[in-house]
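Right, one structure below, let's go through it.
The values are calculated or read from the model by the stated rules, or taken from the named source; none is laboratory data. If you're wondering where the values come from, they're calculated on a predicted model, not measured in any experiment. We place every Cβ from the backbone using ideal geometry, glycine too, and count neighbours over all the protein chains shown. The protein model used for the area step is the full one, side chains on, heavy atoms only, and it has no ligands, DNA or RNA in it. Shrake-Rupley method; radii C 1.70, N 1.55, O 1.52, S 1.80 Å.
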Amino acid sequence: MPPPDDKASLRDMRDAARLVSEALIEIDSGVRSTGDWMVLSAIERQLAIVGEAVKRLTLEFRDVNPAINWRK
């Protein structure tokens, strides 16, 4: 297993958050509806990716960023 890579984890978090944001913009603008199960499923998956990426962050990285509640 490769060593933890905080930069890669942060990129994964950023990319997933961007996709969630884009999906929410489409919902807000009326392009998609909140009843669109595929969009909601995609949002859920991207949020799971964020959670998985947070778990991969090293303790050292989390310790130098104490202002962020990593568990939430």
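Values as computed for the structure displayed
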{"read-out": "Apportionment of accessible area to carbon and sulfur, the chain, percent (1.4 Å)", "value": "59"}
{"read-out": "Per-residue ³J(HN,Hα) for region 31-46, Karplus 6.51 cos²θ - 1.76 cosθ + 1.60, θ = phi - 60°, Hz, x for Gly and Pro", "value": "5, 10, 10, 5, x, 6, 4, 5, 5, 5, 5, 5, 4, 4, 5, 5"}
{"read-out": "Positive-pole candidate from Ser41, Leu10, Phe61, dipole of the chain, charges at beta carbon", "value": "Phe61"}
{"read-out": "Size of electric dipole in region 15-72: Cβ of Lys, Arg +1 and of Asp, Glu -1, about Cα centre, debye, nearest 20", "value": "260"}
{"read-out": "Loop sites in the chain: chymotrypsin sites (Phe, Trp or Tyr not before Pro), DSSP, at most 15 other Cβ within 10 Å", "value": "Trp70"}
{"read-out": "Packing-based ranking, highest mean first, of 40-48, 24-32 given that Cβ atoms within 10 Å are counted", "value": "40-48, 24-32"}
{"read-out": "Correct choice for percent of Cα pairs over 19 Å apart that was computed from the model, options (1) 39; (2) 55; (3) 43", "value": "(3)"}
{"read-out": "Theoretical gain in end-to-end length, Asp28 to Leu10 [0.36 nm per residue, Cα-Cα removed]", "value": "3.8 nm"}
